[in-house]
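The values are calculated or read from the model by the stated rules, or taken from the named source; none is laboratory data. None of these values were measured; they are calculated from a predicted model. Backbone-built Cβ (ideal geometry, glycine too); neighbour counts: all protein chains shown. In case anyone asks, the SASA skips ligands and DNA or RNA and just uses the protein heavy atoms, side chains included. Shrake-Rupley method; radii C 1.70, N 1.55, O 1.52, S 1.80 Å.
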Amino acid sequence: MRIGQTSFVSFVSKALSSAAGFAATILFARLLGPTVLGRYYLLLSIVAWLSLAGSIGIGSAITKRMSEGDDVGEYKVAGGLVIGTIGAAIAVGLVVFQGPVEQYFDVERIGFVVALLAVGLLGSYVDAMLNGSHLVHVDAMLKVARRVARTLLQVGGVFLSLGLTALVGGYAIGGLVLVIPGLYLVGGPYRLPQRRHFERLVEYAKYAWMGRLEGKTFQQADILVLGLFVPSALVGVYGITWNVANFLIIFSSSISSALFPELSKLSAEDRGQQVATLVEDALSYTGLVTIPGLVGGLLLAPRILRIFGEEFGQGAQVLGLLILSVLFYGYQTQFTNALGGIDRPRAAFKVNAILIVSNVTLNLVLVYYYGMIGAAVASASSTFLSVIGGYLVLRRHVSFDTPVVQIGRQVGAALAMGALVAAANGALARMGDPLSNEIATSLLIALGAGTYFVVLLSVSPDLRSVVRDNAPEAVIRN
């Protein structure tokens, strides 16, 4: 499958998955309110950090070593043994220190944490093997099935008045939808590893863990810090706002997932020029969705967040900053993804450290003084610093050109879109908003998306070429 098609399949799969979750989140927000959602997001944040400790970069190392094509069976078993051993140790620690954990983190049952941790680690292991086997598109489709299963289970539980238990149980059980079919599709062989297989995994993981930590910091640090200083209801508002912003990173993350195995293979074959070309292609289209999303988010933030309920409207003041964070993070991820693909985990380590240190430090200071706005400023500032660092570090290893023209076209098309959406939004306001907020918002988003892509396709021959090259042959013939 061509890289463009792989990226598109991954994007569509993630978009469908996120759309299902988005719809369910609206339902949960209206039925459960911000307080219950705040506790749920805080619980997921805790588990995310524990899952990170349980894999310490081994998942990334499994993907890297398997994608190289040698001793695949040995790396599968070695990686699974390491993750399983560390995960079991963490679970025992949770049970031993059950009281302090439940009290300090406001956790109702330690069993919730252990169940989510087990499913999370299994999912990470299977996910790593699928990507290492160059089955990125298959992994993406399985994640759609997982998200749909989780959503159906959670919605059913909420209607049965199970509250937080429904959210946690649905999340855990739905996770098995990725694990069981994923193990089957990865298939054999599984071979007994030797010491050198563990050593090569650890050699890569000792730097790659920073990338995993960086991802969790970007996604979860502000939630955890907010949990220390503000009420659960405000954490719930921020969590909803963050979910809206994070929806826009789907396309850039799909590009990263599709390119990593290919970059790894090309690097192992010492094909530097092709590596540079892939990096340039990734940077050309990383902002394809996020750039117009930033413009639209700034214009429609109050409307979008009122869909979840009136109390969530206060998140409008930070939505633009969070989308800006997502935009910066998308580019930074391409830099660290390329560094990891060419087997430069130490260099990626340095870039990730910039985001982690700045994000945590700024969150602790700014959240204390400014609350939710401080968290958003911390995210935007730290991701901007990491983009600069990532660019400078990657340039030392790969000679690539920055696609300024292509990015400029996306900005221009987004501004044209913004002008039309602003005019339409103003017209609706002058008419006294004759449509319900949900319908009006949906129509404005559809108008904006259509305008953006029509304008961009008209001014970007490169994008037209990419669409033609990666469209199915049947579509081209027609």
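If you count Lys pairs in the chain whose Cα atoms are under 27 Å apart, skipping same-chain pairs closer than 8 places in sequence, the total is 23. Suppose every Lys and Arg Cβ carries +1 and every Asp and Glu Cβ carries -1, with no other charges. What dipole size does the chain come out with about its Cα centre, to the nearest 20 debye? For this selection, approximately 220 debye. Summing Cβ point charges (Lys, Arg +1; Asp, Glu -1) relative to the Cα centre of the stretch 9-208 gives a dipole of roughly 220 debye.
Helices that extend 24 Å or more along their long axis by alpha-carbon positions and average at least -0.5 on the Kyte-Doolittle scale are, among the DSSP H runs of the chain, 3-55, 72-96, 110-132, 136-159, 250-268, 316-341, 345-370, 372-395, 404-430, 437-459.
Solvent-accessible area per residue in the chain equals 43 Å², computed with a 1.4 angstrom probe and all protein chains kept.
Between Ile173 and Leu228, the contour length at 0.36 nm per residue exceeds the Cα-Cα span by 16.9 nm. Each stretch of four or more DSSP H residues adds -39500 (n - 2.57); spread over every residue of the chain, this sum gives -28500 deg cm²/dmol at 222 nm.
A dipole drawn for the stretch 15-160 from +1 and -1 charges on Cβ atoms has a positive end, and of Ala61, Leu130, Gly73 the residue lying farthest that way is Leu130.
When the accessible area of the chain is computed with all protein chains present and a 1.4 Å probe, what percentage of it is carbon and sulfur? C and S atoms contribute 65 percent here. When all protein chains stay in place and ligands, DNA and RNA are ignored, the 1.4 Å accessible-area order of Asp462, Asp343, largest first, is Asp462, Asp343. For volume of the Cα convex hull per residue in Å³, the candidate list reads (i) 137; (ii) 148; (iii) 168; the entry that matches the value derived from this model is (ii).
For the chain, the relative contact order is 19 percent, taking Cα pairs closer than 8 Å that sit 6 or more residues apart in sequence and dividing their mean separation by the residue count. Summarised as an ellipsoid, the stretch 229-477 has semi-axes of 33, 26, 13 Å, derived from the eigenvalues of the Cα gyration tensor scaled by 5 and square-rooted, with the largest first.
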